[in-house]
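The next block holds one structure in the form of structure tokens; read it before the comments.
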Amino acid sequence: MRIVLLGPPGSGKGTQAKFIIDKFGIPHISTGDIFRKNIKEGTPLGVEAKSYIDKGQLVPDELTIAIVEDRLKEDDCKNGFMLDGFPRTVAQAEALTKALESMNTSLDHVINIAVADKALVDRLTGRRVCLSCGASFHMVFNPPKKEGICDYCSAELVQRADDNIDTVSSRLEVYGTQTKPLIEYYEIKGLLRAIEGEKDIDKVFEDICKALGSDK
Ligand code: AP5
Ligand code: MG
Ligand code: ZN
């Protein structure tokens, strides 16, 4: 299973990725999580990425592509992977195709989770995340079992620095101009699996499993 999760900010990529990797036993590669880990550790990559992420802009393609190329060469990706939030530009998509070709492989599915802008703003501004394991919760739509604590690893939940209304607006705009064209790009390649994301989290997962040709 070599899968890409596509969808606007807040569409539920991270939430669904957790279920998908458990079911299929593949690694979760989230470029956003990789950048946030580096920001937390204060690495040079983190410092550079932060200057873009805080403005709601994309981190430059060259930097992002190099990170994913290296990650895909690791042993745990041999039998598949779940890319979340990559590719986000046509240049990234083309680099991914080339990288996989050089490893004699290709993508199986590109899942596109569609959600309207209004719902995205509510989801992002009410989100709380675990910086330790990457899990996402929502104060109203998906509260953790214990307030402020991650269900999966018991670390403290925080609000992401880019989940304020101004940055969310920029992220949605950037998505529309730079990432949305990938829907058609993958549709033409016959890889796109369209998922309606404005349903209960469980139901969205059920639809994703169906689109992947598997029971929930
Ligand atoms: P990234 O971390 O990838 O953020 P994003 O794409 O903006 O997406 P999010 O993580 O915000 O949303 P999600 O779809 O994962 O939703 P979630 O499941 O959390 O990227 C951050 C930044 O890093 C980018 O802006 C960019 O600067 C940089 N970056 C990353 N990748 C890059 C790349 N490839 N190239 C260049 N730059 C890159 O859910 C959201 C909320 O909704 C949660 O609260 C959740 O509980 C709730 N929710 C989920 N599903 C449902 C549902 N069905 N019903 C109700 N609520 C729901
Ligand atoms: Mg995410
Ligand atoms: Zn956690």
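The values are calculated or read from the model by the stated rules, or taken from the named source; none is laboratory data. Bear in mind that the values here come from a model prediction, so they are computed numbers and not experimental data. Virtual Cβ from ideal backbone geometry, glycine too; neighbours counted across all protein chains shown. Calculation scope for accessible area: heavy atoms of the full protein, side chains included, ligands and nucleic acids excluded. Shrake-Rupley method; radii C 1.70, N 1.55, O 1.52, S 1.80 Å.
Taking the alpha carbon gyration tensor of region 106-200, multiplying each eigenvalue by 5 and rooting it gives semi-axes of 28, 17, 12 Å, largest first.
When the chymotrypsin sites (Phe, Trp or Tyr not before Pro) in region 128-192 are filtered for DSSP coil states and for at most 15 other beta-carbon atoms within 10 Å of their beta-carbon, the remaining sites are Phe141, Tyr152. The calculated FRET efficiency for the pair Val121 and Ala211, based on their C-beta separation and a Förster distance of 30 Å, comes to about 0.70. Under conditions of 10 °C and 1.306 mPa s, region 1-100 yields 114 µm² s⁻¹ as its translational diffusion coefficient, taking Rh as the Kirkwood radius over Cα pairs in the Stokes-Einstein equation.
Show me the trypsin sites (Lys or Arg not before Pro) within region 86-183 that DSSP assigns to loop and that have at most 14 other Cβ atoms within 10 Å of their Cβ.
Numbers: sites: Arg88, Lys98, Lys118, Arg123, Arg127, Arg128, Lys145, Lys146, Arg160, Arg171; in loops: Arg88, Lys145, Lys146, Arg160.
Within region 86-183, the qualifying trypsin sites (Lys or Arg not before Pro) (loop, at most 14 other Cβ atoms within 10 Å) are Lys145, Lys146.
From the convex hull of the Cα coordinates of region 57-116, what is the mean projected area in square nanometres? Don't skip to the answer; put the middle values down first.
Details: hull surface 19.2 nm².
For region 57-116, the mean projected area of the Cα convex hull comes to 4.8 nm².
Lys-Lys pairs in region 1-116 that are eight or more residues apart or on separate chains and whose Cα atoms lie under 26 Å of each other come to 26.
About the centre of its Cα atoms, the chain shows a dipole size close to 280 debye [charges on the beta carbon of Lys, Arg (+1) and Asp, Glu (-1) only; nearest 20 debye].
Can you compute the helix-only [θ] at 222 nm over the chain? Use -39500 (n - 2.57) per DSSP H run of at least 4 residues, normalise by all residues, nearest 500 deg cm²/dmol.
Working: 9 runs with 96 residues, N = 216.
That calculation yields -13500 deg cm²/dmol at 222 nm.
Site pair Asp108 and Glu41 shows an inter-label distance of 3.0 nm when each label is modelled 7 Å from Cα along Cα→Cβ.
Of the residues Thr97, Cys153, Ser214, the one whose Cα sits farthest towards the positive end of the charge dipole of the chain is Cys153 (charges of +1 on Lys and Arg Cβ, -1 on Asp and Glu Cβ, taken about the Cα centre).
Run the accessible area of region 168-212 with a 1.4 Å probe and give the carbon-and-sulfur part as a rounded percent. Display every interim value, and only then the final one.
On the way: 1190 of 2460 Å².
The C+S portion of the solvent-accessible surface of region 168-212 is 49 percent.
Within the shell defined by Cβ-Cβ distances under 13 Å, the residues around Leu100 carry a net charge of +2, with Lys and Arg each +1 and Asp and Glu each -1. Legend: translational diffusion of the chain by Stokes-Einstein, Rh = Kirkwood radius over C-alpha pairs, 20 °C, 1.002 mPa s; D = 122 µm²/s.
With semi-axes defined as the square roots of five times the eigenvalues of the C-alpha gyration tensor, the equivalent ellipsoid of region 151-216 measures 26, 23, 10 Å, largest first. Probing with 1.4 Å while keeping every protein chain in the model, the per residue accessible area of the chain equals 51 Å².
Computing the accessible area with a 1.4 Å probe over protein heavy atoms, can you report the carbon and sulfur percentage for region 37-164? Write out the running numbers ahead of the final one.
On the way: 3590 of 6920 Å².
Here carbon and sulfur together make up 52 percent of the probe-accessible area.
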